[in-house]
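> Below is one structure. I have some questions about it.
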Amino acid sequence: MASNLDYLAPELKPLEEKLQAYLAAEKELAQAEIAATNVALDPPPAPAVALGQRPAPGSFPQPTAESGNELQNLRDDLAAQRQEIIGMLPVRDEWIKINLGYGPSRVGAFSVPAPGSGYELRLVI
């Protein structure tokens, strides 16, 4: 019976917290991708040039460039978190039960068949 409750072990708490942050970052990335797609499909209207004056270069925000930079930063952060989580896992190529608030969830680092690819993180909630 004790093996069924191993996912509640206190030594797994840092891993649980890191996984919660990882899931929140994945959700933030998904929302940012949607926002970037919306900006790309429906760009803001160009400012009306009044009185024959031209705006100064760089005086208007570039929403597509900003969203692209934000997406790249979020992807880099997510990749760093993924590597940190893989480093925290005690074993490779097998599932570990963990408590993410929904009962026993599973997380694991599994080797990728391509040479030199390392491990990929898999998470089942």
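> Sorted by accessible area (1.4 Å probe), largest first, how do Y119, Y102 line up?
On the way: Y119 95, Y102 160 Å².
Order by accessible area, largest first: Y102, Y119.
> Let me know the charge dipole size of region 82-125 about its Cα centre in debye, to the nearest 20, where only the beta-carbon of Lys, Arg (+1) and Asp, Glu (-1) is charged.
Working: 5 positive and 4 negative charges, 22 e Å.
It comes to approximately 100 debye.
> Something else: In nm, to one decimal, how far is the F110 label point from the L41 one, both placed 7 Å along Cα→Cβ?
3.2
> Okay, moving on. Please report the accessible area of I34 (heavy atoms, 1.4 Å probe, ligands and nucleic acids excluded) in Å², nearest 10.
Roughly 100 Å² of I34 is accessible to a 1.4 Å probe.
> Something else now. Once you put a point 7 Å from the Cα of E94 and another 7 Å from the Cα of A9, both along the Cβ direction, what distance in nm separates them?
Going by the 7 Å Cα→Cβ label model, 1.1 nm.
> If you roll a 1.4 Å probe over region 86-125 with all protein chains in place, what percent of the accessible area is carbon or sulfur?
Ligands and nucleic acids excluded, carbon and sulfur give 51 percent.
The values are calculated or read from the model by the stated rules, or taken from the named source; none is laboratory data. Because the structure is a prediction, the values reported are computed rather than measured. For neighbour counting, all protein chains shown are included, and Cβ atoms are generated from backbone atoms with ideal geometry for every residue, glycine included. Remember, those area values only see protein heavy atoms, side chains included, never the ligands or the DNA or RNA. Shrake-Rupley method; radii C 1.70, N 1.55, O 1.52, S 1.80 Å.
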